[in-house]
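J.: Encoded as structure tokens, here's the structure I'll be asking about.
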Amino acid sequence: MEEANDPILSSAPDSESSLCPTEDDDEDLNNIHLGPKCSIRQHLEKDKDDESLRKWKEQLLGNVDFESGEETLEPEVKILSLTIVSPGREEIVLPLPESGDPKGLWFTLKEDSPYSLRFCFQVSNNIVSGLRYINTVWKTGLKVDSTKEMIGTFSPQGEPYTHEMPEETTPSGFFARGSYSAKSKFLDDDNKCYLEINYTFDIQKEWPSTT
């Protein structure tokens, strides 16, 4: 399984595509015109006289099988798994519903505990550009946290990619404990959403019992 933090996969030479937009920028993304989509073969043909770009594209597309079928302009990203990782604890693999949102409480975290989110995804059809993760959290109707992570640009391949978010620590104290609602989204540079999940989770004094 390939790690998603390879600099080759995150940005082209002299590119700023890996800069993560702020929340205020999200609405403006709808007005950005990125130009017509290209097939994978067309990607290779473009800028073929620029040696640095040509080498970058060859590295990015090194695992693509051009004989595997008809080329498609639209990329496809499938989120295969979401896992919460906390040192000294068994990993929490979050069940992804076939359709719709998770029913009821999705997971529980212990207050004042380090954790990170790891996700596994697969890219097919074409290059996905500027894949990013956005997560917003509310408590009693008030927004208490917003996370944005630029994941990068990826070529289609049979082997899934993995990406792990930077480690964070859950809040602690009486007012931090309780139930939260949240929304997670995976989008690309075209603002195409590949997965949106609305869910609830708890922060409690202790980890839930595994027995």
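J.: For the subset of segment 54-93 comprising residues that are among the acidic types (Asp, Glu) and either modelled with pLDDT of 60 or more or under 19 Å from the mean Cα position of the chain (by Cα) (or both), which member is farthest from Thr162 (Cα to Cα)?
T.: Looking at residues that are among the acidic types (Asp, Glu) and either modelled with pLDDT of 60 or more or under 19 Å from the mean Cα position of the chain (by Cα) (or both), I get Glu71.
J.: Additional query: Checking Ser146 against (1) open to solvent by 10 Å² or more (accessible area, probe 1.4 Å); (2) in contact with a Phe, Trp or Tyr (Cβ under 9 Å, 6 or more places away or on another chain); (3) not acidic (Asp, Glu), which test does it fail?
T.: (2)
J.: With the structure loaded, tell me whether Glu206 is under 16 Å from Ser113 (Cα atoms) and either touching a residue at least 12 places away in the same chain (Cβ under 8 Å) or in contact with a strand residue (DSSP E or B) (Cβ under 6 Å, 6 or more places away or on another chain) (or both) or whether it fails that test.
T.: Criteria met by Glu206.
J.: Residues in segment 168-182: is at least one touching a Pro at 6+ places or on another chain (Cβ under 9 Å), open to solvent by 60 Å² or more (accessible area, probe 1.4 Å) and more than 19 Å from Leu105 (Cα to Cα)?
T.: Within segment 168-182, one or more residues are touching a Pro at 6+ places or on another chain (Cβ under 9 Å), open to solvent by 60 Å² or more (accessible area, probe 1.4 Å) and more than 19 Å from Leu105 (Cα to Cα).
J.: May I ask you to verify whether Gln204 is out of contact with any helix residue (DSSP H, G or I) (no Cβ under 8 Å at 6 or more places or on another chain), surrounded by fewer than 18 Cβ atoms within 10 Å (Cβ to Cβ) and closer than 17 Å to Glu76 by Cα?
T.: Against the criterion (out of contact with any helix residue (DSSP H, G or I) (no Cβ under 8 Å at 6 or more places or on another chain), surrounded by fewer than 18 Cβ atoms within 10 Å (Cβ to Cβ) and closer than 17 Å to Glu76 by Cα), Gln204 does not qualify.
J.: One residue is enough: does segment 109-116 have a residue meeting the conditions under 20 Å from Cys193 (Cα atoms) and either without any contact (Cβ under 8 Å) to a residue 40 or more places away in the chain or surrounded by fewer than 16 Cβ atoms within 10 Å (Cβ to Cβ) (or both)?
T.: no
The values are calculated or read from the model by the stated rules, or taken from the named source; none is laboratory data. Note that the structure is a prediction, hence the values are computed from the model and not measured. Glycine also receives a Cβ, built like all others from the backbone with ideal geometry; neighbour counts cover every protein chain displayed. Surface accessibility is based on the protein's heavy atoms, side chains included, excluding ligands, DNA and RNA. Shrake-Rupley method; radii C 1.70, N 1.55, O 1.52, S 1.80 Å.
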